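The structure appears below as structure tokens.
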Amino acid sequence: MNITQTLRSLHGNKVGAAIEELHRSENDLAGALLNLSDQQKVDHEIFYVARDIATWSQLHVRRLAAVGRDYGLDLDPAPEDEATLLARVKQKGAELAGRFHEPTLLLLADLRHIHRTAAGVSLDWEVLAQTAQAMKDTELLATAQECHPQTLRQMRWANAKVKETAAQIMVTG
């Protein structure tokens with residue numbers, strides 16, 4: 001469901017809509033990280049770190065589905081999955097492409113996308129935490145306080161990788 005559909009389905013449940021939007025965004029972030037990992041199999045740091053931090057978003061999806069029940073939501077607790085045929089094809093393609101120049105441009109584009117997505121997710125966690133605090137919903141507040149720092153770490157990792165690789169990617173030709 002996109003943001004427009006989410007807003008249309010509010011029916012006065014703004015907190016539920018915020019949880020639903022964050023659930024969708026965390027799933028998108030997990031998918032982007034897993035996609036990056038699949039496409040960068042030859043770069044072991046990116047391959048393994050992206051997979052590791054994608055599990056945080058997958059956990060967040062499960063936690064949001066659980067806390068969403070209190071707001072009348074029926075969110076799918078199953079996050080984006082990596083065990084697909086397409087993922088294996090991407091990994092094999094990455095192995096065959098190796099470290100040619102064009103894939104590095106894709107790496108930079110993917111890292112920028114992940115940073116922007118994580119920044120949006122971070123803002124959504126902040127909104128949810130402020131809302132939970134105002135409503136004195138301790139379970140929702142605890143969820144936000146435990147998950148938000150991991151999102152910030154995902155964003156910092158993507159930012160650090162952009163800083164590490166951008167000049168080399170843009171200058172070499």
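No lab work stands behind these numbers, since they all come straight from the coordinates. Keep in mind that what you see is a predicted model, and the values were worked out from it rather than measured. Here the Cβ positions follow ideal geometry from the backbone for every residue, glycine too, while neighbour counts run over all protein chains shown.
For the reader, a short list of remarks on this structure follows.
- Cross-link partners of Lys163 among aspartates and glutamates (Cα-Cα below 20 Å; sequence separation of 8 or more within a chain): Asp43, Glu45, Glu102, Asp110
- Look at where the Cα atoms of the stretch 100-152 and of the stretch 15-70 average out, and the two centres are 9 Å apart.
- Packing rank of 17-29, 145-157, 41-53, where each peptide gets the mean count of other beta carbons within 10 Å, highest leading: 17-29, 145-157, 41-53
- Using the Cβ-Cβ distance between Glu45 and Glu126 with R0 = 41 Å, the FRET efficiency computed as 1/(1 + (r/R0)^6) comes to roughly 0.90.
- Reachable aspartates and glutamates, given that their alpha-carbon falls under 17 Å from the alpha-carbon of Lys136 and they are not under 8 places away in the same chain: Asp70, Glu126, Glu146
- Residues in the stretch 134-151 carry Karplus couplings, in order, of 5, 8, 6, 8, 5, 5, 5, 5, 4, 4, 5, 5, 7, 8, 4, x, 5, 5 Hz; the curve used is 6.51 cos²θ - 1.76 cosθ + 1.60 with θ = phi - 60°, and Gly or Pro positions show x.
- Karplus-based coupling profile of the stretch 58-71, in residue order and whole Hz: 5, 5, 4, 4, 5, 5, 5, 4, 5, 6, x, 4, 5, 10, with θ = phi - 60° in 6.51 cos²θ - 1.76 cosθ + 1.60 and x standing for Gly or Pro.
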